[in-house]
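Input: a single structure, listed below in structure tokens.
Every number here is computed from the coordinates shown, using simple stated rules; none is lab data. Note that the structure is predicted; figures quoted are calculated from it, not measured. Here the Cβ positions follow ideal geometry from the backbone for every residue, glycine too, while neighbour counts run over all protein chains shown.
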């Protein structure tokens, strides 16, 4: 049994900054018994993961610090189905690549990975038991409910495919087969989560809790084309590439509604900054292993920032730095045009470059990862094929992969930065993006 | 290579009396190469099979005589899904029971079973490959097409279940996984068959031919309730039970539109009579083994019937017998009130009793079968349970199991006698029908 205080502290760490929690009592009950909750977060290894993933990963860092056993589902079966034209080999390489990247990110954040497990969908999603359960579910679930479940994440087209109706059920079964207490995802998954809560008990399985992250608009903001290879920042982008991309980002003076950079600061940079400050204060949670990595983890503030600051804006053309204790203060200053877009860009750019530096270093030090990277995302310029005319068959994205996920407050590009399972459809993946090595 | 004449003869035997053939050239091509076509017919082992199955089985007899390798799919997975409340064990026993009955029927018809194989759905429908193909199909097939495919056989209800959309695809995959050249079923399966023809090639598999039997209204005709245990004749019914049931059958003088007995004569008795006559003339087709069984196979005509007669109506109350060369002659006489309903009933009753006699004898001689029968269809009166209130959850029937299959020419009960995969939903199965042993 854990003390009420301990329970409360861990529960707050697990649920802070979330958009919504369903079934929080399930988690509290497990914590009260002194057990470690088990959680899963799924991602389909399709295109190169970009830094929008940080929004989910920083939240997962909280879970790990609270002692949660986190399973990352690398949904390779879904990735394969997402693009049947891609050979199965490619998916295998991409699955490996995703694991390399995600592990490197957690390490770079100083979060130990001893309670983090990677599971492949193909490990169990093609088994007899799982498939019989899928068929069972299909004899219990109505078309109406399945359609509603997928309505946020499956692109609504004129001729919807069956997969859009099946995937929500598979995602429900994953909770059972991964043996978790809660599933984590973007709030765009809400209807899939409530579908799981409705139907798993009808199959005789326990209802799980669901923790939902806020959706974040794309970092690059504005009306940038998603087919533009510069529209997303890759985890392996070197500083000069990050600079070029950030330079292109839409960032209008005083405009906080359409500002992917501010959204990124709110969802990623400030949480990481806070994480680092907490750890410096000795608050490493369950992460005994991670204590060693506290030192190099610099919050995004200057050394002269007052206690409690979580973000600093330095200025290139005169004017001293501004220190912020909360995101809101930062946003208010930008709205009041007290921060020039150029200065916002420069500070966010430098924060991103510093975040990516250890990941890139780990990549350059790891030959196996480099080899996998080449196999997973071969240079499209290496062999110039005659571009075949595309068949106009619409492949719906796997659950969570949708483009209409973000009910954006303003006409941003609609690409969710918190792409829990999100990626663009293959055609618009910046797969061919050059990664100077 | 086979001669053109041989090809034509076999092809005619394979396709005669069918309602429709799709892809006949596929079969002709195989025959022309001197190969044996492979076919499959599926049935879900749910309720006790009744004599409506004869309509399919007499057609399968033609296939076997033409050298076709016939696989009977005992769709146990579908049977299990059809009634999740029934334990899996029960389905296993029922699967065995179906195999016993079906084998006994072919033997009783003098049709050798060396080219007949029984396959269980669970042998391959839960495998990795099959399920991956199912998922693939779901990313290719539209909801619209899947819905249309099931529209004839899946009961159209307000809240349709997902299974109704999935089953047509599984039935398509069965063709590939059973390695057949054509699938046989009732014409109510037409839309499922064309769905298979559309989508198998999209998965990279060959398009198969589809042979469809005419739908036959229920033997008992009229407005008999399907919950009436006397509404169907079981293959194991002893003569006195057959008599009682036939006595109850709806049969109105001169009314040929609503007459399940005439329909049964047309779809089952006359074809069997013709089969027996052909065999007596030495025309046993490929059935070398079956030659021994020709003698006891008496056509449904009296000994004094003129050459070419296929059915005789004898009269109880005076008047000599009438012999018919075709079904149409029989129907015309009934329409013209030249046959009294009582005489039609008596002759059809006797024909049925003679058909069932060897099946019942085989059952009584086979202890294993008797044991399986008790396990598969336990006497509901043996342990009187308090009847639980039924949940109002609609379970759609597996493909081919529908109640609205027959576009009946008149308001008959709508139960297809040619229930290729047809059975009533569990609630109305005459499972509890007493079978005096």
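Structure notes:
- Computed over Cα pairs, the Kirkwood radius of segment A:157-273 leads via Stokes-Einstein (1.306 mPa s, 10 °C) to a diffusion coefficient of 92 µm² per second.
- Stretch gain in nm, segment residue A:114-residue A:202, where the contour uses 0.36 nm per residue and the Cα spacing is subtracted: 28.3 nm
- Between residue A:350 and residue A:317, the FRET efficiency estimated from the beta carbon spacing at R0 = 25 angstrom works out to 0.95.
- Separation in nanometres of the label points that stand 7 Å from Cα toward Cβ, at residue A:36 and residue A:123: 1.5
- Two-site label geometry, residue A:247 and residue A:338: point separation in nm, points 7 Å out along Cα→Cβ: 3.0
- Convex hull of alpha carbon positions in segment B:4-213: directionally averaged projected area 11.9 nm².
- Order of A:50, B:340 under a 10 Å beta carbon neighbour criterion, fewest first: B:340, A:50
- Between segment A:43-105 and segment B:166-243, the alpha-carbon center distance in angstrom: 44
- Considering only alpha-carbon pairs that sit under 8 angstrom and 6 or more positions apart, the relative contact order computed for segment B:4-213 is 27 percent.
- Computed FRET value (nearest 0.05) for residue A:25 with residue A:381, which takes r as the C-beta separation and R₀ as 51 Å: 0.40
- Distance to the A-onto-B rotation axis is smallest for one chain A Cβ; residue and value in angstrom are A:131, 2.
- Once the Cα gyration tensor of segment B:25-70 is diagonalised, semi-axes √(5λ) in Å: 27, 11, 7
- Per-residue Cβ neighbour rank within 10 angstrom, fewest leading, A:303, B:333: A:303, B:333
- Exercise: per-residue mean of other protein chain Cβ atoms within 10 Å, A:123-130: 3
- Ranking of B:76, B:304 by count of other Cβ atoms within 10 Å, fewest first: B:304, B:76
- Percent of Cα-Cα distances greater than 15 Å, calculated over segment B:50-138: 66
- At 1.002 mPa s and 20 °C, Stokes diffusion of segment A:229-377 via Kirkwood alpha-carbon radius, µm² per second: 128
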